[in-house]
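What follows is one structure encoded as C-alpha cells, with my remarks underneath.
The values are calculated or read from the model by the stated rules, or taken from the named source; none is laboratory data. Since we're looking at a predicted model, the values are computed, not measured. Reconstructed Cβ throughout: ideal geometry from the backbone, glycine too, with neighbour counts over all protein chains shown. Heads up: the accessible areas ignore ligands, DNA and RNA and are worked out on the full protein's heavy atoms, side chains in. Shrake-Rupley method; radii C 1.70, N 1.55, O 1.52, S 1.80 Å.
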Amino acid sequence: MGTTSDKDADFSAYMSARQPALYRTAYLLAGDHAAAEDLLQNAFAKLYLSWDRIRDRGALDGWVRRVIVNEHNSLWRRAWKRREHSTDTLPESGTHDTYDDGRGGALWSYVQTLPPRQRSVVVLRYYEELTEAETADLLGISVGTVKSQTSRALAGLRARAPRSLDPHESSPPRDRRRPMTHTSLEDEVRDALHRRVDPLRRAPLTVTDVRRRARRVQRRRRIAAGAAVAAALAVAVPVGLAMNGPAQRNGIEPATPHSPSITGTVTIDPRSAPIGGGPGVPLVNLADPRLITGDTTLALPESYDQITPYLDGWVAVTNDEGALTVQVLDADFRVVDGDGLPSRGLTVSPDGARVAWTEYDGTRWYVVDRDVAGSREERRTAMPRSAEAAAVTAVGFVSDSEVVVTRTEPGDGTLRTLLADGATVREVPGLLAARTASPATGMVAGLISSDTDSSCSAVVDATARTGEVEWRTCDHTLVSYSPDGAHVVGFASYLDANGSPTMAILNAGTGDTVVDLELAGPARGVVGISEVAWEDSETVLATLVSGADQYVVRVRLDGSVERVEVELGDADPSLVPLVFAGS
C-alpha cells in the first residue's frame, strides 16, 4: 500500500482526467448542475475512501458510474431531497445547439420525466453506449429487466413526444446541413443526450472538496448497520409505499402514559437549540482519535470504529482500510488480547453488562458473547462452515443468552436473521435484515421487504419462533430500541450516505408516533442524522450534519431538543467525524 501522498497524487490525476466525462453522465441523470455536482462529489468521495482496495484501475470509470446511478436513484426517491418535481419541461436552460430544430430539446425534457430506473437505463444504453449485459451488471439487475425498462422508456417517450419523433413517421434531419433521413426514436434519444452534454467541459470539484465529503461519508461507515446491511441492500433502503397505519401488537404493552404523543412536528435546528450538558453516551472522534465520555476526553492510540468498557479496560474494533478486527485493551489502551481474526463489529447490551462480536477463523464464523465484568464463561456459537464472504454481523441481544445476528448469503448477497445462544443457531422468520433488538421485550426490528420501488420494516418476537409480524411500517426505517424496549427510533424510509432528514420516536408496542422530528439547516448543504444512541429510556442522542458542521443533539420524549456540548479543541467541525463508541 502506498503512502497517503501517493494515493492523493494518483487519485488527483484520475479525477482531473475523468471528471468532465463523468460529470456529463451525472448531469444527464440529475438534470441540473447543482445536483450533478452533488452526485459526482459523493461518488468521488466513496472512490477516495476505497482507492487502495480497487486494484483494477481500468474498472474505475464503471465503479464511479455505478455509484452515481445508485445515488441518483436514491435521491430521486427521497421527496425531501428533490430539487425538481416531475413536469413536462424542466426549467434549467442547457447548452445552445445551432442546428437543433427543437426536437432534441423536447426529447431531453421528456427524458427528464422518466422514472429513475428507466432514465438510468436510457442514459447508460444511449449515451454511455453500454450493452444490455453491461447495463445489467452496472445496475445490478437482469438483462431481461434492462430490456423491459428500455422498452417502457421508449414507449413513454413515444407517447409523449411530438408525432414527428415517431420512428414510423418521417422526421426532419437533426442537422440541416445533412440530407433528409428517417431516424429511429433510439437514434433521436441518443442524439438528444449527446447534444445536451457534449459541449460541457465542467470540472467543478477539487480534491479538497472530495476529501471533505469523504469525511462526511466516513461518519456513517458503521459496521453493523453499514457494511453488512448496506452492502446487501444496495447501500440504501428505498422509499416505502404508503400504508394504512401500524397494526396493534399483542406482546408489549403500549408506552406508558407519561410519554404522550406530541402534536405536530418538532424541528431540530442545532444552530439555535439551547445547550445542554455533555453526552451521557461515549463518542469517538475518528479524525483526531479521542474517546469523549461526559466531560472527559481521553486520547486514543489509534482510531477505533467501536470501543466499550470491558473487564478492567476496553474492547475495541479496529478498521484497517475496511479490514475489521476486535482487540481487548487494558485501561491504558494497550492490546492484551486479539488474534487479528476478521470481524464485523460488536454490539453492547443496553445496560452495558454484555458485549458480543463476530469473528472468522478461516473456516467458519463465530458469535462471541461475553460478560463485561467477567462473571461467567464466554458463550461461543459456531456458525456453519463457510467462506468469509458469508459475513456474520452482531445486531443485539433479545434475552440473557441469545444474540441476534445477520448472515450474508454469498450467492446472492441477501441477508438472513439468526439467533445464537452459545450452542445452537436458529433462524428468526419474518425478517430479511434485523437492525435493532430489545432484551427487555425479546423483540427484533428490521427490514421485511425491499425492491427498487418500495420497502417496509417490521417488529417480530424473536423468541416466539413463528415469524408473526407484530406491526409494520413503510414510513420509517427502525434503527434503535430504548433500553426499556418501550420505544424505537425510526429514520426516514430511505437512507443514503448523508443520513436521514427526519427522525421519529415510536411506541414500540403499536408503532404509533410519540415524537415526530425533522431537521432544519442551511438552504443548501448536507442536512442529515447519522446515528442515534439512547442515554436512558426517555432520552436519545443523535449525531447530525447541518451545512458544513457536525452536531450532537439530545431529544426527550416530551419533544424537547438541546444541543450537546462536545469538546473538539481547535479542530474544524466539518472535518471531525463523530460516532457513538458502542454503536
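From the list Val425, Val460, exactly one residue is open to solvent by less than 40 Å² (accessible area, probe 1.4 Å) and farther than 25 Å from Leu139 by Cα. Which is it?
Result: Val460 is the single residue among Val425, Val460 that is open to solvent by less than 40 Å² (accessible area, probe 1.4 Å) and farther than 25 Å from Leu139 by Cα.
Which residue is most open to solvent (accessible area, probe 1.4 Å), if the candidates are limited to segment 353-384 and must be in a loop (DSSP other than H, G, I, E, B) and touching a residue at least 60 places away in the same chain (Cβ under 8 Å)?
Looking at residues that are in a loop (DSSP other than H, G, I, E, B) and touching a residue at least 60 places away in the same chain (Cβ under 8 Å), I get Ala373.
Among residues belonging to segment 479-519 that are in a loop (DSSP other than H, G, I, E, B) and of a type in the set (Asp, Glu), point out the one that is farthest from Thr267 (Cα to Cα).
Out of the qualifying residues, it is Asp484.
For segment 1-60, what are the residues that are of a type in the set (D, E, K, R) and over 21 Å from the mean Cα position of the chain (by Cα)?
Asp6, Lys7, Asp8, Asp10, Arg18, Arg24, Asp32, Asp52, Arg55, Asp56, Arg57, listed by residue number.
Of the residues Leu418, Leu447, which single one is within 19 Å of the chain's Cα centre (by Cα), buried (at least 16 other Cβ atoms within 10 Å of the Cβ) and either modelled with pLDDT under 90 or among the aliphatic types (A, V, I, L, M) (or both)?
Going through Leu418, Leu447 in turn, the sole match is Leu447.
Among the residues of segment 397-414, is any hydrophobic (A, V, I, L, M, F, W, C) and open to solvent by 30 Å² or more (accessible area, probe 1.4 Å)?
No, there is no match, as no residue in segment 397-414 is hydrophobic (A, V, I, L, M, F, W, C) and open to solvent by 30 Å² or more (accessible area, probe 1.4 Å).
For segment 82-131, how many residues are modelled with pLDDT of 85 or more, open to solvent by 30 Å² or more (accessible area, probe 1.4 Å) and either among the β-branched types (Val, Ile, Thr) or closer than 18 Å to Ala34 by Cα (or both)?
1
Among the strands (runs of 3 or more DSSP E) lying completely within segment 266-334, list those that include at least 2 residues that are open to solvent by 30 Å² or more (accessible area, probe 1.4 Å).
Output list reads 290-293, 296-299, 313-320, 323-329.
Going through segment 138-147 one residue at a time, which ones are under 28 Å from the mean Cα position of the chain (by Cα) and part of a helix (DSSP H, G or I)?
Leu138, Leu139, Val143, Gly144, Thr145, Val146
Of the numbered conditions (1) open to solvent by 10 Å² or more (accessible area, probe 1.4 Å); (2) at pLDDT 90 or above; (3) out of contact with any Pro (no Cβ under 7 Å at 6 or more places or on another chain), Trp534 fails exactly one; give the number of that condition.
Among (1) open to solvent by 10 Å² or more (accessible area, probe 1.4 Å); (2) at pLDDT 90 or above; (3) out of contact with any Pro (no Cβ under 7 Å at 6 or more places or on another chain), Trp534 violates only (3).
Got a sec? Which of Ala394, Ala323 is modelled with pLDDT of 90 or more and under 27 Å from the mean Cα position of the chain (by Cα)?
Result of the check over Ala394, Ala323: Ala394.
Which residues, counting only those in segment 42-60, are open to solvent by 30 Å² or more (accessible area, probe 1.4 Å) and assigned to a helix (DSSP H, G or I)?
Lys46, Arg53, Arg57, Gly58, Ala59
Just to be sure, is Pro350 in a loop (DSSP other than H, G, I, E, B) and open to solvent by 30 Å² or more (accessible area, probe 1.4 Å)?
yes
Counting only residues that are farther than 24 Å from Ala440 by Cα and modelled with pLDDT under 90, how many does segment 343-353 have?
Matching residues across segment 343-353 total 1.
Which one is modelled with the lowest pLDDT among residues in segment 149-175 that are surrounded by fewer than 14 Cβ atoms within 10 Å (Cβ to Cβ) and assigned to a helix (DSSP H, G or I)?
Here the answer is Arg163.
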